[in-house]
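Report on one structure; see the data block that follows.
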Amino acid sequence: MTPQSARTGPGPSAKWLAPLLVLMLGSFLPPMDSAIVNVPIPHIQKDLGGGTDDIAWISTAYSLGMAVFVPLSNWLSDRFGLTRVHRAALLGFLTGSGLCGTAWDLNSLITFRLLTAIPGSLVPVVTISIIYRIVPKEKIGAAMGLYGLGVIVAPSLAPTIGGLIVQDLSWRWIFLFKEPIGVIAVIAGLFLIPRMEPNSTVHKFDWWGYLTFAYGLSAIIVVSAKGQKWHWDSYPVLILIVSALLSLALFATIENEVEHPLIDLRIFRYWPFVNSLLLIGVLLIMVFGVAYYIPQFLQNVQGLDARHTGLVLLPMGLLMVVAVPLAGALYDRIGPRWPALIGMLGSIVGLRFVSGGISVDMGRTEATIWIMIAMLGAALGMMPIMTNGLSWLPPHLVGYGGAMNNIMQRAASALGVAIIGVIVTRSRAQLTADTDALQTPTALPQYRDADPHTLTGLYLQTQDHIQATADANAFLMTTGLAVLGTLLVLMLKKPPPSPAPPTTTPGGPPTAAKTVPRTAATEPRSATVAAIPHRDDRHR
């Protein structure tokens, strides 16, 4: 990939707020589309049919498309220019979302979801690249905080919006209501987003790298979605896992050899960036675990309708609206560690209360408060962590870093829901087996003469308690992840400032700029961070 500095177009400007708001509006749409289907799933299933495993592909297909097509963003930006790609991606996303609203059966909806994800996967990466082009470095934390309103707040508000829409309108409107928002973002972008031209020379597309990456990641996501149904020790699952690992290993080999890699693996030389990737994975598992399973619990166990489920989760979204921009501003002042640390410690407390207190009798106020506290890690930590990781990369690697961030987000969301699903399913199966005696009136002497209706009610109540206990076990796992995330947060540090250019005094020689410590940020090929040998280094 050609260094970003070689691209034609404007650089950092004092007038970055207006275009940033337009970019934020566009970035709100793809993550909203990812999370908004969780609450209306029962309504879609009732209308279009399909079993539980089939209906899950509504989410899986979208996650698959969002992850697999992300690497195309950098090459397309070089070929057509950041501005054109951003505009075309938004238009493609709106077209696909409109088709989802007109789906006539389950297969057509799954197909349209995949088609929507292809352009939707390009929006976040291109948006980050534009932000780093137009925003001065000293304001990047505040800018990413505003950008985070789309990335973090959208999944948090999605259950509330989806519940309100489904309760009063058709499920189809969860796809159609975004159309006016997207049109406004496209029209405003015509006037406010600076025009960024493509590179004069564009390298050949890395087809082999893309194919090996696409297969490896697709296989992992399919396994995460189908592993429970196919059984984790079955031949199809084992073949997919082994072939995925081999394909990704081949991808790494290809990227290290080709002249113009699809994803430059030198981004993994910078531990602060790798650390940020790990933290993003931890946070996204927590966010999507809560966003996916809490609505199911509130509806299936506590019997709430879609509207009241959304209202229980509304304060979580409002917390994100306030906390995410605040965390971005704090990053510019004090760095990433303290906002992220406070957030992660809050998540440990909140998730522990959720796992210890979730029950059939759990009150709505309790649930609301615990969920808000559990989401503090994402609210205060997500954007400082992401911004800090990208800030350690040299300018020509930021695009690759943005792509890898989005790949991690999509993979973590899919794997997180799958992992928590496995824990819930196995816990429920074990607890059901332990209480199986309640299913027949002759199993226990005290129930031998019981009325069948009474026994049925007792059994159903027991099943509710079983589901609540299974959900509690799942959130106990996320508590452990929050502890791991806290340890990683302690390793965060803000990159040193860039060296100032030499200044010239009248009639005298240039004055040397202030010396900056030799770090990975100032020396991209420092031996201290060279974890992966690259072709350029081997030929030196």
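Table for the structure above
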{"item": "Candidates GLY381, GLY416 - the one that is modelled with pLDDT of 65 or more and under 26 Å from ILE334 (Cβ atoms)", "result": "GLY381"}
{"item": "Residue check, GLY335 more than 30 Å from TRP171 (Cβ to Cβ) and not β-branched (Val, Ile, Thr)", "result": "yes"}
{"item": "Filter result for ILE221 (closer than 27 Å to THR387 by Cα and either among the β-branched types (Val, Ile, Thr) or under 27 Å from the mean Cα position of the chain (by Cα) (or both))", "result": "yes"}
{"item": "Within the range 166-178, tally of residues that are out of contact with any helix residue (DSSP H, G or I) (no Cβ under 7 Å at 6 or more places or on another chain) and either crowded, with 16+ Cβ neighbours inside 10 Å or within 14 Å of LEU91 (Cβ to Cβ) (or both)", "result": "1"}
{"item": "Tally of residues being assigned to a helix (DSSP H, G or I) and either within 24 Å of the chain's Cα centre (by Cα) or at positive phi (or both) across the range 248-271", "result": "10"}
{"item": "Test result for ILE220, over 30 Å from PHE28 (Cα atoms), in a helix (DSSP H, G or I) and touching a helix residue (DSSP H, G or I) at 6+ places or on another chain (Cβ under 7 Å)", "result": "no"}
{"item": "Residues (more than 16 Å from THR479 (Cα to Cα), open to solvent by less than 10 Å² (accessible area, probe 1.4 Å) and not small (Gly, Ala, Ser)) located in the range 313-355", "result": "LEU313, MET316, MET320, VAL324, TYR331, PRO336, PRO339"}
{"item": "Flag if ILE134 is open to solvent by less than 10 Å² (accessible area, probe 1.4 Å) and either touching a strand residue (DSSP E or B) at 6+ places or on another chain (Cβ under 8 Å) or among the hydrophobic types (A, V, I, L, M, F, W, C) (or both)", "result": "yes"}
{"item": "Subset of the range 224-247 [within 18 Å of ALA412 (Cβ to Cβ), surrounded by 17 or more Cβ atoms within 10 Å (Cβ to Cβ) and among the aliphatic types (A, V, I, L, M)]", "result": "ALA225, ALA244"}
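Quick grid of which residues meet (1) touching a helix residue (DSSP H, G or I) at 6+ places or on another chain (Cβ under 6 Å); (2) modelled with pLDDT of 90 or more; (3) open to solvent by less than 40 Å² (accessible area, probe 1.4 Å):
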residue: ALA154; (1), (2), (3): yes, no, yes
residue: PRO180; (1), (2), (3): no, yes, no
residue: ALA185; (1), (2), (3): yes, yes, yes
residue: ALA188; (1), (2), (3): yes, yes, yes
residue: GLU197; (1), (2), (3): no, no, no
residue: GLY216; (1), (2), (3): yes, yes, yes
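The rows are residues; the columns are (1) out of contact with any Pro (no Cβ under 9 Å at 6 or more places or on another chain); (2) part of a helix (DSSP H, G or I); (3) crowded, with 23+ Cβ neighbours inside 10 Å.
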position: LEU23; (1), (2), (3): yes, yes, yes
position: PRO30; (1), (2), (3): no, yes, yes
position: HIS43; (1), (2), (3): yes, yes, no
position: LYS46; (1), (2), (3): yes, yes, no
position: GLY50; (1), (2), (3): yes, no, no
position: SER63; (1), (2), (3): yes, yes, yes
position: VAL70; (1), (2), (3): no, no, yes
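The values are calculated or read from the model by the stated rules, or taken from the named source; none is laboratory data. Quick caveat: nothing in here was measured; it's all calculated off a predicted structure. Quick reminder, even Gly has a Cβ in these numbers, built from the backbone with ideal geometry, and neighbours come from all protein chains shown. Protein only, heavy atoms only, side chains kept; ligands, DNA and RNA dropped before computing areas. Shrake-Rupley method; radii C 1.70, N 1.55, O 1.52, S 1.80 Å.
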